[in-house]
1. So how far, in whole Å, is the C-alpha centre of the range 1-65 from the one of the range 85-119?
2. Any chance you could run the full-extension gain for residue 28 through residue 164? It's 0.36 nm times the residue separation minus the Cα-Cα distance, nm to one decimal.
3. Where the only charges are on Cβ atoms (+1 Lys, Arg; -1 Asp, Glu), what is the dipole of the range 151-319 about its Cα centre, to the nearest 20 debye?
4. So how much slack lies between residue 151 and residue 62, counting 0.36 nm per residue of separation and subtracting their Cα-Cα distance, in nm?
5. When ranked by the protection proxy of mean other Cβ atoms within 10 Å per residue, highest first, what sequence do the peptides 14-20, 115-121 form?
6. Exposure proxy check: 54, 136 ranked by fewest other beta carbons within 10 Å?
7. Hey, for a label at residue 198 modelled as a point 7 Å past Cα toward Cβ, could you say which residues of the range 110-153 have their backbone N under 17 Å away?
8. Compare the Cα positions of 95, 78, 66 along the charge dipole of the range 30-105 (+1 at Cβ of Lys, Arg; -1 at Cβ of Asp, Glu; about the Cα centre) and return the one farthest towards the positive end.
Amino acid sequence: MNHLILAPLLLPLAAGVVALLGGRGSLRFERTVGLVATLALLPVSVLLVGAASEGLVVAYDVGDWAAPFGITLVLDRLSAWMVSVTALVATAALLFALGRSDTTGRHFHALFQFQLLGINGAFLTGDLFNLFVFFEVLLIASYALLSHGSRPERTSAAVHVAVINLLGSTLFLVAVGCLYAAAGTLNFADLAQRAADLPADRLGLWQAGGWMLLVVFALKAALLPLGFWLPGAYGAADGAVAALFAVLTKVGVVSIMRTGTLFLPGLDPGPVLWAAALATLAIGMTGMIAAGRLAQLVAHSVVVSVGVLLVAVGLSSGPSAARPGTCSRPGRPSAGALPCPPHSCSRRWR
C-alpha cells in the first residue's frame, strides 16, 4: 500500500511507452494496452480515496529523497478524488474512442496515456517545479490529441492552443524562478513555511511570482478574460478527446486552490477570483444559449463548470485558508515540512 500513490503515474507511463514502442503499427495491441491500463486506474483510484478518506495527508518521497531535494507526491482527499474522477472520465472516453477516434490517426492510445500521466501527476505533486513538468506533459499530449485526424479545423485549433499555452508556460517558468529566488525552494511545504518569514526585500519578488502563477492557472482553467481559447478548441476536438480535455481545466482550478493564498501573504485573491468566476459563468451560459452546434454547447458548458467551481473557491479563499503542504515525519521532521495540524495527517510514505 505504501507505494500505491505511484500507480496513477506508472500505469499510464508504462502503457504509453509500451503502446508507442511495442505496437509496431498494430492497433489491436495498442487498444489492449491502453484499455487495460485505463481500467486498472479505477480500482487504484478507489484504494487511494479510501487511504485519504480519514482526512490524512500522506506524503511520499520518491527514492527516499526528503524535501526539498527529492520529488514529493502528496495524497489528500482532493487529489484522491480528482484522480478518481480522471480515471472514470478516461475510461468512458476511451471506450467511446474504440473503433472511432483511434482509427483516424496514429498513436492515439499512447498520446491518451501520456495525457493521463500529466493530469494525475499535476493532481498529486507536492512541488511547484514538478507541477510545471506535469503541465508540460499534459499540454504536449493535448496538442497532438487535438490535431489527431489532421482535419483543418482541428489543426488550426491545435496551433492556437499551442501558441497561447506556450506563452502561459513561459510565464509559469518566470514565476517559478521568482519564487525560487525569493524562498530558495519550490516544495509546497517549504514554501508555505517560509512565506511567513520572508525578508522585506524579497516580498515584492514573492508576490510578483504569486500573481504570475495566478494568471497562468487562470489561463489553464479558462477563467475570463483568459478563457477565450477554450470554446473553439474544445468544439473542434473529437468527442472522446474533448471529454478528457474537460478534466484539463480542473487542473487549473485545483492549482488555484492549492496556491491561491500561499504566494500572496497578507493579500486575498478571493474577490478577484469571485468577480472573474461570475463573469466566466455568465459568458459560458451566454455561449450555451447562442451555440448553434452540440459541440459548441458542450464546450461552453465546460466554461460554465469552471465558473461554478471558482465562484466557490473565491468565496472560501482568504488569508486564513488552508495551505497545501506535507506532513512532518514523526520523530524526524523533513527539511521545511509543515507541522501536522491535529488529526490532519499521520504518516509519510517512501
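Every read-out reported here was derived from the displayed coordinates using simple, explicitly stated rules and does not represent laboratory data. Nothing here was measured: the structure is a model prediction, and the numbers come from that model. When we count neighbours, we look across all protein chains shown, and the Cβ atoms used for this are built from the backbone with ideal geometry, even at glycine.
1. Value for the Cα centre distance between the two parts: 14 Å.
2. Additional length available on full extension: 45.4 nm.
3. Its charge dipole is roughly 340 debye.
4. In short, 27.9 nm is gained.
5. 115-121, 14-20
6. With the sparsest Cβ surroundings first, the list reads 54, 136.
7. Backbone N within reach: 128-129.
8. Among 95, 78, 66, the one farthest towards the positive end of the dipole of the range 30-105 is 95.
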